[in-house]
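The values are calculated or read from the model by the stated rules, or taken from the named source; none is laboratory data. All figures in this text were calculated on a predicted structure; none of them were measured in a lab. So basically every Cβ, Gly included, is an ideal-geometry build from the backbone, and we count neighbours across all protein chains shown. Surface areas here come from the heavy atoms of the whole protein model, side chains and all, with no ligands, DNA or RNA. Shrake-Rupley method; radii C 1.70, N 1.55, O 1.52, S 1.80 Å.
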Amino acid sequence: MKKLPLLVAMLVSLLFASSAFAAGYGAAGCGWGGKVIGKNNDILAQVGAFSLNGFSSNNTFAMSSGTSGCGKSGLVTAESEQTLFVASNYDNLVKQMAAGEGEELMTLAGLLGCTAGKTGQFASFTQQNYGSILASAEATPSEILSALKQDMSRDPILSATCSKI
């Protein structure tokens with residue numbers, strides 16, 4: 001009877017878990033479980049992958065060794081993390097870039113490696129260059145991020161102070 005609340009808590013946590021750090025394998029992550037289910041993100045597959053990773057303890061080994069779908073430099077590359085963040089926060093980011101301020105915009109500055117003292121300049125930069133960053137209303141998160149990085153690389157201050165562009 002005590003196992004039911006634990007199972008329910010695990011299922012609920014998987015429903016709300018972010019896939020951002022899962023390297024394309026969903027909430028269960030990489031490891032044998034992630035390799036078995038591939039990119040199948042339905043809840044039952046994720047529970048199965050999570051269980052396989054947990055029972056085999058392969059997930060920890062895979063992350064530290066870079067095997068079973070886990071990258072040696074971490075679960076997600078900086079660029080993948082940036083792209084996932086932009087995709088997950090697209091609507092807010094577009095509005096905040098236009099306004100030149102906002103919480104998600106400051107988080108993106110951090111993901112781009114901008115120093116804390118330059119986040120305000122980054123926000124102003126996105127507002128001033130909004131037209132070239134968001135070239136069309138149908139721009140994808142990848143296109144926006146690419147345009148943003150390209151514009152930032154031409155800015156002498158941001159290119160020197162933002163290490164992940």
Candidate residues Asp151, Asp91: accessible-area rank, largest first, probe 1.4 Å: Asp91, Asp151
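Please give the net charge around Lys95, taking every other residue with its beta carbon less than 13 angstrom from that of Lys95, where Lys and Arg add +1 and Asp and Glu add -1.
-4
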Selected from Thr107, Leu134, Ile157, residue furthest toward positive end of dipole (the range 95-165; charges at beta carbon): Ile157
